[in-house]
Amino acid sequence: MKSIQGWGDKCVGGKVNQRKVTIKYKLKNGDQVAIETSSNQKPKIDWLDFVVTSKAKSRIKASLNEDKRREAENGKEIVKGSFKNWKIDYTDEVIRLLINHFKLKSAMDLYFAVSIGEI
């Protein structure tokens, strides 16, 4: 049997006292819980609005940051490939210019935006 800790990032909903409820349902003392999971589910940013414990919040944030980091790595490769095709040197100065031009905070934000097609 899987610990409840392993279910959190895959949770899509559940049953409380044999009734189907959404993931946002607030539990009461004595409730019997069955958790529904999906291997395709990933934590969403709006989960931070209804989780209670700081441990849950920090794990959701860590998962979201990991997903963003992976997506940014993909974006970085896209930028490098594009620069090579256009014969532009890939330098910190050029990246800083792009960050400023698009009014972003970091290179990770730039690469993430490229990867998801915003830029």
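The values are calculated or read from the model by the stated rules, or taken from the named source; none is laboratory data. All of these numbers come straight from a predicted model, not from anything done at the bench. Every residue, glycine as well, gets a Cβ built from its backbone with ideal geometry; the counts of neighbours run over all protein chains shown. SASA here: full protein model, heavy atoms, side chains in, ligands and nucleic acids out. Shrake-Rupley method; radii C 1.70, N 1.55, O 1.52, S 1.80 Å.
May I ask for the net charge around E77, where only other residues with Cβ less than 13 Å from the Cβ of E77 are counted and Lys, Arg are +1 while Asp, Glu are -1?
Values: positive: R70, K76, K80, K84; negative: E71, E73.
Residues close to E77 contribute a combined charge of +2.
Extension gain for Q41 to K28 (0.36 nm times residue separation, less C-alpha to C-alpha distance): 2.2 nm.
Please report the net charge: other residues with Cβ closer than 13 Å to the Cβ of P43, K and R +1, D and E -1. Walk me through the numbers on the way to the answer.
On the way: positive: K10, K42, K44, K57, R59, K61, K68; negative: D9, D46, D49, E66, D67.
After counting each charged neighbour, the total is +2.
Charged neighbours of K68, selected by a Cβ distance under 11 Å, balance to -2 (K, R count +1; D, E count -1).
For the chain, with all protein chains in place and a probe radius of 1.4 Å, 53% of the accessible heavy-atom surface sits on carbon or sulfur.
The distance between label points at R96 and E66 comes to 3.4 nm (points 7 Å beyond Cα on the Cα→Cβ vector). Taking every protein chain into account, the accessible area of the chain amounts to 77 square angstrom per residue (probe 1.4 Å). Ranked by the mean number of other Cβ atoms within 10 Å of their residues, highest first, the peptides 52-59, 70-77 come out as 70-77, 52-59.
Between their Cα atoms, which of K84/K105; K44/K76; K61/K103; K20/K42; K20/K61; K15/K105 are more than 32 Å away from each other?
Working: K84/K105 24 Å; K44/K76 23 Å; K61/K103 23 Å; K20/K42 20 Å; K20/K61 27 Å; K15/K105 42 Å.
Exceeds cut-off: K15/K105.
Note on percent of Cα pairs over 22 Å apart: of the candidates (1) 43; (2) 50; (3) 37, the value calculated from this structure sits at (2).
Would you compute, from DSSP H runs of 4+ residues alone, the mean residue ellipticity of the chain at 222 nm, taking -39500 (n - 2.57) per run and dividing by the full residue count, rounded to the nearest 500?
-14500 deg cm²/dmol
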